[in-house]
Amino acid sequence: MLENLSQRLGRVVKTIRGQARLTEANTQEMMREVRLALLEADVALPVVKTFVEQVKQKAMGQEVAASLSPGQALVGVVNRELTDLMGGDLGPEAGELSLAVQPPAVILMAGLQGAGKTTTTGKLARWLAQGNHVQQGRKSGKKKVAVVSTDVYRPAAIEQLKTVAKQADVDWIASESNQKPADIARAALEHAKRQHIDVLIVDTAGRLGIDEVMMQEIQMLHQILNPVETLFVVDAMQGQDAVNTARAFGEALPLTGVVLTKLDGDARGGAALSVRQVTGKPLKFVGVSEKLDGLEPFYPDRMAQRVLG
Ligand code: GDP
């Protein structure tokens, strides 16, 4: 069992009890613990460094309330700062999807192979079809949703999405592995218009690693589809590597948000902070099971708690 940050700080803080202010000297040792806690939670090293600097600046000179120990006061600062950095500063609507456009609103799914794109496509489709999405404090109503796969490389990918669509009880637009991804995208868009689909979710091919050809293909799909949402799907278990993947996708595409999957595993969720820092885009959803109801909105404060342990 990992020690949580409060316990860690409790251990080092005994030496500075009775001091009324957080100062450079008395917080130095505590900042070391903050740094270690974040690294253990898989936050990428450069992101940890920037974060620790920011916390230090915020913390210095702060009065410690009489009821708190300096350790508790510092945990408070760390918690607030982490919540802000994970999107708490963007306000409650940051995690919403922008669906208020002339239908079909297109959502483009991007990410590496195995990140959870197809599963998340099904989850999101279900979420929207059942009317679970909340916009400006109100449920946005049941949507007519269709999904399509442009993954013509992995033979099972199209079938997988078909199965998922059936489970989610949404329309599946057929595609074939001998078609070109661009042709599939154009045809799906036409189909969605004809069928008065509200939301078209487009699942794309991933690769095991960053790949120039994959990036060019998804850029082309982006151009054809003109999506309102381009969601980067990333596996929380990717840990430190999430930074490089996020940077590559963030440079290739105008992302609008991030979905962090597999949070039901033991990942502490440090990837959330890394990805938010690197892309500058809000985390919108988290995946919490393999099942199609395993999708939750992203809450910065809960994620901060999880990262700090
Ligand atoms: P894709 O290659 O990006 O389309 O990834 P898939 O959607 O095929 O997912 C890869 C694997 O991760 C599958 O076995 C999924 O069941 C699993 N998966 C996806 N999201 C989650 C999640 O949130 N939690 C868990 N436990 N498994 C997930």
Next item on the list: Would you mind telling me the antiparallel percentage of the DSSP bridges in the chain, rounded to 5?
Entry: 20
Notebook entry, point to check: To the nearest µm²/s, what D does Stokes-Einstein give for segment 192-277 at 4 °C and 1.567 mPa s, using the Kirkwood radius over alpha carbon pairs as Rh?
Noted result: 92
Check: Looking at segment 215-309, what % of its DSSP beta bridges pair antiparallel, to the nearest 5?
Finding: 25
Margin query: Rolling a 1.4 Å sphere over the protein heavy atoms, what is the accessible area per residue of the chain, to the nearest Å²?
Written below: 46
Note to self: Filter Lys56/Lys284; Lys193/Lys281; Lys117/Lys193 down to the pairs with a C-alpha to C-alpha distance above 26 Å, please.
What the structure shows: Lys56/Lys284; Lys193/Lys281
Next item on the list: On a C-alpha basis, how far is the centre of segment 181-259 from the centre of segment 18-54 in Å? Whole number, if you could?
Entry: 36
Margin query: Amide H of Val258 versus every other amide H placed in the peptide plane: which residues, excluding those fewer than 5 positions away on the same chain, fall under 5 Å?
Written below: Phe232, Leu283, Lys284, Phe285
Next item on the list: Give the percent of DSSP beta bridges with both residues in segment 91-249 that are antiparallel, rounded to the nearest 5.
Entry: 10
Check: Which shape class applies to segment 51-198: rounded if a/c is under 1.5, otherwise prolate when a/b exceeds b/c and oblate if not, where a ≥ b ≥ c are the square roots of the Cα gyration tensor eigenvalues?
Finding: prolate
Item checked: Sorted peptide list for 262-274, 129-141, criterion being average Cβ within 10 angstrom, highest first -> 262-274, 129-141
Note to self: Please compute, over every Cα-Cα pair in the chain, the percentage with a separation greater than 31 angstrom.
What the structure shows: 35
Note to self: Can you compute the helix-only [θ] at 222 nm over the chain? Use -39500 (n - 2.57) per DSSP H run of at least 4 residues, normalise by all residues, nearest 500 deg cm²/dmol.
What the structure shows: -14500 deg cm²/dmol
Item checked: Solvent accessible area, Å² - His191, 1.4 Å probe, full protein context -> 50
Note to self: Counting only protein heavy atoms and a 1.4 Å probe, tell me what percentage of segment 148-256's accessible area is made up of carbon and sulfur.
What the structure shows: 48
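The values are calculated or read from the model by the stated rules, or taken from the named source; none is laboratory data. Bear in mind that the values here come from a model prediction, so they are computed numbers and not experimental data. Here the Cβ is made from the backbone with ideal geometry for all residues, glycine too, and neighbour counts use every protein chain on show. Surface areas here come from the heavy atoms of the whole protein model, side chains and all, with no ligands, DNA or RNA. Shrake-Rupley method; radii C 1.70, N 1.55, O 1.52, S 1.80 Å.
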